[in-house]
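See structure below.
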Amino acid sequence: MNHSPYIIIAIMILLPIFFIILLQFKKKRNIKKVNSLSIYEKNELLDSFAKPFGFLYEPSEDIFATRLDAPQKLFGYTSFYDLSAPYFNMIFDYETIYFDYNSRTWLIEIWKGQYGISTGCELGIYCADTIIPPNEHKSELFHAVDANDMLDISLQLIRFDNQGNSYNEIASQTKKHWWLTIFKPGIYTKPENLTLNIAIQFKNRAMLRSFYESFIQTLPHISCKINGLTLYFTFKESKRHYTIFRNFVRRIALASCRLFCFLYNFITRPFKSCGNKILYLYYYLPFIIKWLFKTKSPK
């Protein structure tokens, strides 16, 4: 009697059971690994993951933010980055304010939206070497400002539900920076459901006046207020209009982000904090860590 079919069937039944047991054992072992680490060890390990990609872990807010020495500084800014972002699963609302100051054209850009599996926001400060005509702004490659031209920035990112009612603060950051950011992995949010409160302290009255005049022309739908050298405003909605094709690409990218965010939270469900989730993911599926931080880089 030929027993081969029965052996094959038995293997087909036992193999998945074996892998389930193996994964359960690995899961318990990795949970134990994460729980055995001290807070200092966790922060050090998370920083070591993020540093090569220009990020650092902020334990007080349980988020990732950009470093002053982030390698993205070398690439500056051009409008092509924003146009290509949806093809890399980064869907955000954004606004750019160009202004002339001290014989140079500057730009300050703000972003808020979904970056892969992370909800986040950014504010970047860039400038050119000379005055750039307005018709060349979008084609110009601006470079990130150096240490002498960085500004004091405050960002507060707030998330609303689909009805615009209940909300919670995702995080806030206040630093002197050239590219201040907040990224919170494991949260999915449509860009229109995010509100970003912003404060920028300028170097002097002339710089503040130049930015303010450009701001009210570029973003007439956004009100602002000034206190001393600091300008305050809230970025809720963008007035940008997209083509049918670009809207389609954005919807597909958002759907992809939502799926990956669900999978991330499903795999890391033994933990609640962002830091613990990523450490658990590192022990469970280490190859994903590199993908995670590459996804979070919008440049």
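With respect to Ser60, determine if the residue is among the polar types (S, T, N, Q), closer than 24 Å to Leu155 by Cβ and free of Cβ contacts under 8 Å to residues at least 60 places away in the same chain. Yes; evaluated as a whole, the condition is true for this residue.
Looking at Phe183, is it surrounded by 14 or more Cβ atoms within 10 Å (Cβ to Cβ), touching a helix residue (DSSP H, G or I) at 6+ places or on another chain (Cβ under 8 Å) and under 24 Å from Trp106 (Cα atoms)? No; evaluated as a whole, the condition is false for this residue. Pairs meeting the criteria (first residue in the stretch 32-53 and surrounded by 12 or more Cβ atoms within 10 Å (Cβ to Cβ) and part of a helix (DSSP H, G or I), second residue modelled with pLDDT under 90 and of a type in the set (D, E, K, R), beta carbons under 7 Å, at least 6 apart or on different chains) are Phe53/Lys294. Looking only at the stretch 127-143, residues that are in contact with a Gly (Cβ under 6 Å, 6 or more places away or on another chain) and closer than 19 Å to Met207 by Cα come to 2 in all.
The residue list Tyr282, Tyr188 contains one member that is under 21 Å from Ile170 (Cβ atoms) and touching a helix residue (DSSP H, G or I) at 6+ places or on another chain (Cβ under 7 Å), which is Tyr188. On the basis of being under 27 Å from Phe75 (Cβ atoms) and of a type in the set (D, E, K, R), does Asp161 make the cut? In short, no. In the stretch 91-107, of all residues being of a type in the set (Asp, Glu) and out of contact with any Lys or Arg (no Cβ under 7 Å at 6 or more places or on another chain), the one that is farthest from Thr78 (Cα to Cα) corresponds to Asp100.
Annotation: of all residues in the stretch 108-143 being touching a Lys or Arg at 6+ places or on another chain (Cβ under 7 Å), hydrophobic (A, V, I, L, M, F, W, C) and surrounded by 21 or more Cβ atoms within 10 Å (Cβ to Cβ), the one that is nearest to Ser84 (Cα to Cα) is Cys121. Within the set Phe25, Phe80, the sole residue that is modelled with pLDDT under 90, of a type in the set (Phe, Trp, Tyr), more than 30 Å from Thr243 (Cβ to Cβ) and part of a helix (DSSP H, G or I) turns out to be Phe25. Given the structure, is Leu259 free of Cβ contacts under 8 Å to residues at least 40 places away in the same chain, of a type outside the set (Phe, Trp, Tyr) and surrounded by fewer than 15 Cβ atoms within 10 Å (Cβ to Cβ)? Taking the combined requirement at face value, the residue satisfies it.
Pairs linking a residue in the stretch 278-299 that is charged (D, E, K, R) to a residue that is assigned to a helix (DSSP H, G or I) and modelled with pLDDT under 65, with Cβ atoms under 9 Å and 6 or more positions apart or on different chains, do not occur. The listed residues are Ala255, Ala199, and the only one of them that is among the hydrophobic types (A, V, I, L, M, F, W, C) and within 16 Å of Phe92 (Cβ to Cβ) turns out to be Ala255. Evaluating Leu194 against the criteria (1) of a type in the set (A, V, I, L, M); (2) modelled with pLDDT under 95; (3) in contact with a Leu (Cβ under 7 Å, 6 or more places away or on another chain) leaves one unmet condition, (2). Of all residues being polar (S, T, N, Q) and modelled with pLDDT of 95 or more in the stretch 104-129, which is nearest to Cys224 (Cα to Cα)? Just the residue, please. Looking at residues that are polar (S, T, N, Q) and modelled with pLDDT of 95 or more, I get Thr105. Can you confirm whether the stretch 234-255 contains a residue that is modelled with pLDDT of 95 or more and hydroxyl-bearing (Ser, Thr, Tyr)? Scanning the stretch 234-255, I find at least one residue that is modelled with pLDDT of 95 or more and hydroxyl-bearing (Ser, Thr, Tyr), so the answer is yes.
Residue by residue, here is whether (1) touching a strand residue (DSSP E or B) at 6+ places or on another chain (Cβ under 7 Å); (2) exposed (fewer than 15 other Cβ atoms within 10 Å of the Cβ); (3) among the acidic types (Asp, Glu); (4) closer than 18 Å to Ile158 by Cα holds:
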{"residue": "Leu196", "(1), (2), (3), (4)": "yes, no, no, yes"}
{"residue": "Ala206", "(1), (2), (3), (4)": "yes, yes, no, no"}
{"residue": "Ser210", "(1), (2), (3), (4)": "yes, no, no, no"}
{"residue": "Ser214", "(1), (2), (3), (4)": "yes, no, no, no"}
{"residue": "Ile226", "(1), (2), (3), (4)": "no, yes, no, no"}
{"residue": "Leu231", "(1), (2), (3), (4)": "yes, no, no, no"}
{"residue": "Phe235", "(1), (2), (3), (4)": "yes, no, no, yes"}
{"residue": "Lys239", "(1), (2), (3), (4)": "no, yes, no, no"}
{"residue": "Tyr242", "(1), (2), (3), (4)": "no, yes, no, no"}
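The values are calculated or read from the model by the stated rules, or taken from the named source; none is laboratory data. Just so it is clear, the model here is predicted, and its values are computed rather than measured. All Cβ positions, glycine included, derive from the backbone under ideal geometry; neighbour counts span all protein chains shown.
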